[in-house]
Amino acid sequence: MATTTTTHLTFSTVFPRLSPPRHCHSHSHSLTLQPQRKATTKAFGSDKLGDFGARDPFPAEVESGFGEKVLGNVDTEHKILIPNVSALSLAAQHCSPLSPLHTPMSIDDAHKLLRKVVGWRLLEEEGGLKLQCLWKLRDFKCGVELVNRIYKVTEASGHFPNLHLEQPNQVRAELWTSSIGGLSMNDFIVAAKIDEIKTSDLVPRKRVWA
């Protein structure tokens with residue numbers, strides 16, 4: 001799922017204000033420029049990616065003395081923060097080995113992460129929380145193909161879902177970490193990877209009425 005990035009930008013522009021000409025006894029007129037208040041524009045969003053400021057100048061730019069030819073604030077602060085793991089897409093992350101003593105994910109945290117995957121729902125069972133997703137496909141053969149695609153995507157992660165190929169044309173996937181008796185981050189990472197699988201060629205074709 002797409003994630004919202006955040007960039008805090010501040011632009012300060014000084015606009016001159018023209019004062020009306022002063023009339024004197026002579027026929028000459030004077031035009032006075034007075035500084036106007038600064039107009040500030042800010043862009044806001046979530047703060048997961050941090051603030052991205054200006055880049056360092058290239059050597060040729062430094063030699064040109066461009067800094068002396070532009071208008072700006074000498075006290076402007078530029079800050080660049082490197083995105084942390086939590087800010088990255090779930091599908092881009094890797095599963096980590098977990099100890100059997102690891103605490104299962106709480107239902108509140110699971111609901112928050114559920115917003116980052118598509119088509120999955122939470123199941124509360126006696127054995128703990130699970131993730132479940134259903135696909136309605138064109139026919140049984142398409143169901144077999146989807147199971148194969150899911151296996152190829154999850155093989156590298158080492159964390160596999162339970163897959164059920166159900167008649168006549170449904171695939172059901174369930175994810176949980178059995179070693180800890182509930183959900184872990186690994187389950188949501190695999191769910192996000194499965195979300196990226198192409199299924200448009202496997203679902204029933206829409207009827208087009210003349």
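Here Asp108 clears all of (1) open to solvent by 90 Å² or more (accessible area, probe 1.4 Å); (2) among the charged types (D, E, K, R); (3) touching a Pro at 6+ places or on another chain (Cβ under 9 Å) except the condition numbered (3). For the structure I just gave you, tell me whether Ala173 is at pLDDT below 95 and either touching a helix residue (DSSP H, G or I) at 6+ places or on another chain (Cβ under 7 Å) or open to solvent by 60 Å² or more (accessible area, probe 1.4 Å) (or both). It is false that Ala173 is at pLDDT below 95 and either touching a helix residue (DSSP H, G or I) at 6+ places or on another chain (Cβ under 7 Å) or open to solvent by 60 Å² or more (accessible area, probe 1.4 Å) (or both).
Take the residues in the stretch 124-170 that are without any contact (Cβ under 8 Å) to a residue 40 or more places away in the chain and of a type in the set (A, V, I, L, M), then tell me which one is surrounded by the fewest Cβ atoms within 10 Å (Cβ to Cβ). Checked the stretch 124-170; the qualifying residue surrounded by the fewest Cβ atoms within 10 Å (Cβ to Cβ) is Ala156.
The values are calculated or read from the model by the stated rules, or taken from the named source; none is laboratory data. The shown structure was predicted, so the numbers you read here are calculated from the model rather than taken from an experiment. Using ideal geometry, Cβ is built from the backbone for each residue, glycine included, and neighbour counts are taken over all protein chains shown. SASA here: full protein model, heavy atoms, side chains in, ligands and nucleic acids out. Shrake-Rupley method; radii C 1.70, N 1.55, O 1.52, S 1.80 Å.
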